[in-house]
Structure formats: C-alpha cells, structure tokens
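The values are calculated or read from the model by the stated rules, or taken from the named source; none is laboratory data. Worth saying up front: this structure is predicted, and the values here are computed from it rather than measured. All Cβ positions, glycine included, derive from the backbone under ideal geometry; neighbour counts span all protein chains shown. Note: areas computed on protein heavy atoms with side chains; ligands, DNA, RNA excluded. Shrake-Rupley method; radii C 1.70, N 1.55, O 1.52, S 1.80 Å.
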Amino acid sequence: MRSKTPHNVKIAPSILTIDFGHLADAIAAAEAGSADMIHLDIMDGNFVPNISFGPLIVSTVRGLTDLPLDVHLMIQDADRYLSDFAEAGADILTVHVEACPHLHRTIQRTIELGCKSGVALNPGTPVESIREISPFVDMVLVMTVNPGFGGQRFIETSTSKIQRMRALLDEYNPTCDLEVDGGIGAHNIGDVVQRGANVIVAGSAVFNGTGDIAGNLSALRDGYAQVTSRRRKK
Ligand code: DX5
Ligand code: ZN
C-alpha cells in the first residue's frame, strides 16, 4: 500500500533510555548521524505507568540542538502543560486521543502556540477514532507498543493498522505525516515504511549501548532504502 502523496522518511531517535549523565553526547551523536529530529517521551505516571521528564529537559535539549523537537505527551490533562512545552522549545506537540476529552480544543491550542500538532493512539484504539480530528493535525502517531517503556517488542498486528491509517489519511488529510513508535529497528523498519509510515521513532535501536549511534542510524536507513528506491523507480 502506498500513499498517493510522497512523504519523506524521517528518523526520530527517542532519548527515553539514554544515560542522562551523557545527554549532550547522545544528542550530538544523533545529530552527527543525521537524525531528522529528536523524540522526547513525556510520561506522568498516570496515563502511563512510568514517569520520565518534563519541560526542563525539553528546554535543555533545545539548547543542545537545532533539530526539530518531537514531544510525545503521554500525560493526562495535556491542556494544562501545552504552553510549558511550547515555551521549552517543542516543535511538534503530540497528545493522546485516549487522554484528551476535548481533543479538538487541545489541538487548536497547540496550533495557537505555534507548534505542529500531532495525535497519538494506543495499540488498542481503533484507526477510526482519529477520523474527525485528522484534517486538523500535522501528524498521526500509531503506537506499535503499549506506551510507557522503551525496549518493548513491536506488536505485529500494527503493520495492518499502519496501512489502514495511511488509507484514512490519504482520504482526509493526504499531506499528514504518519509516525510509528515502539519496537522498531533495522529488522522491521522496511515493513512499516512499506505500509505507509514516514516518521520513525527508534529508541533502543539507536541508543543501545554500543556507542555507535551513527552506525545504528545508518542501519535503520539501510533498512528502508530498498522500499524507497523501489518507489522512485516506479
Ligand atoms: C514508549 C515511547 C517510545 C520509546 C521507543 O512509550 O513512546 O518512544 O522510547 O523505544 P523503543 O524504540 O526502544 O521501543
Ligand atoms: Zn514516544
């Protein structure tokens, strides 16, 4: 399945599981390895069973790189914190459909704050749940693990969900980016790109303790290169 609108593939390393004592080194290495953006996972211990970090770290990362900051809000009551994350330097603010009762208002506020707007959905949430909001967002994030932790296994049924989401977006918002997050590495990136994902979050596949961040990013790019070169030939 291929979108009628061409979407450049972008890789967004997630810093969730890095050693924060070496935050600056991790960001510099991702940048040197030609990462397209930095993905920041905000967890509140309420919407998800883990607590990560808040606007202070986003602002620290903002001071370390000019790459776009892709902020994934896994929090309840996101409306209360949108301006804090915008002021901290977020470029994209993504909220969860399951955590936002007034989703349209939340998305409007994100846009008013000058950020790109994203909406995320959990593995158990149907594609159809974002249909009404889809014309208003810049990006849809299909979670391919249950949010809360890095290093989990990709849920295999997600491949068909990505394909169905791309079809829905082609109908309602063809230029919308489709992001995937969780359990993605060189072994399956080709498959998710083939199904229509174009913004690829990778945490443990990039920051896996080998120290070769640029090599890991390059392996990810090799993993989807065949898919995109086949497209160009067609
Ligand atoms: C999970 C987070 C992910 C996570 C990805 O809740 O949203 O961004 O850090 O990590 P990997 O790539 O290791 O699954
Ligand atoms: Zn994430």
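Overview of values
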item	result
Sole residue being assigned to a helix (DSSP H, G or I) and under 17 Å from Asp138 (Cα atoms), chosen from Ala86, Ala30	Ala86
Failed criterion for Thr125 (all others in (1) open to solvent by less than 50 Å² (accessible area, probe 1.4 Å); (2) touching an Asp or Glu at 6+ places or on another chain (Cβ under 7 Å); (3) within 24 Å of Ile38 (Cα to Cα) hold)	(3)
Test: Ser134 is away from ligand 1 (no atom under 16 Å from the Cβ), closer than 20 Å to Phe85 by Cβ and touching a strand residue (DSSP E or B) at 6+ places or on another chain (Cβ under 7 Å)	no
Qualifying residue in region 203-214 (condition: modelled with pLDDT of 95 or more, aliphatic (A, V, I, L, M), open to solvent by 30 Å² or more (accessible area, probe 1.4 Å) and away from ligand 1 (no atom under 12 Å from the Cβ))	yes
Output for region 1-58, where each listed residue is within 16 Å of ligand 2 (Cβ to nearest atom) and charged (D, E, K, R)	Lys10, Asp36, Asp41, Asp44
Residue in region 51-60 that is in contact with a helix residue (DSSP H, G or I) (Cβ under 7 Å, 6 or more places away or on another chain) and open to solvent by less than 10 Å² (accessible area, probe 1.4 Å) present	yes
Number of the exception - Gly151 against (1) touching a Pro at 6+ places or on another chain (Cβ under 8 Å); (2) surrounded by fewer than 20 Cβ atoms within 10 Å (Cβ to Cβ); (3) at positive phi	(1)
Pairs with Cβ under 9 Å, 6+ apart, first in region 133-159 and in a helix (DSSP H, G or I), second β-branched (Val, Ile, Thr) and within 14 Å of ligand 2 (Cβ to nearest atom)	Ser134/Val119; Ser134/Val140; Phe136/Val119; Ser158/Val142; Ser158/Thr144; Ser158/Val145; Ser158/Val180; Thr159/Thr144
The listed residue being within 18 Å of Leu141 (Cα to Cα) and in contact with a helix residue (DSSP H, G or I) (Cβ under 6 Å, 6 or more places away or on another chain), out of Leu64, Leu93	Leu93
Check on Thr228, more than 16 Å from ligand 2 (Cβ to nearest atom), farther than 23 Å from Val71 by Cβ and in a loop (DSSP other than H, G, I, E, B)	no
Complete set of residues in region 194-217 that are more than 16 Å from ligand 2 (Cβ to nearest atom), of a type in the set (Val, Ile, Thr) and out of contact with any Gly (no Cβ under 8 Å at 6 or more places or on another chain)	Thr210
Phe136, sole failed condition from (1) out of contact with any Ser or Thr (no Cβ under 8 Å at 6 or more places or on another chain); (2) more than 21 Å from Val192 (Cα to Cα)	(1)
Residues of region 160-183 satisfying the condition of being in a helix (DSSP H, G or I) and surrounded by fewer than 20 Cβ atoms within 10 Å (Cβ to Cβ)	Ser160, Gln163, Arg164, Ala167, Leu168, Asp170, Glu171, Tyr172
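For every residue, the table says whether it meets (1) in contact with a strand residue (DSSP E or B) (Cβ under 7 Å, 6 or more places away or on another chain); (2) open to solvent by less than 30 Å² (accessible area, probe 1.4 Å).
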position	(1), (2)
Leu23	no, yes
Ala26	no, yes
Ala30	yes, yes
Asp36	yes, no
Phe47	yes, no
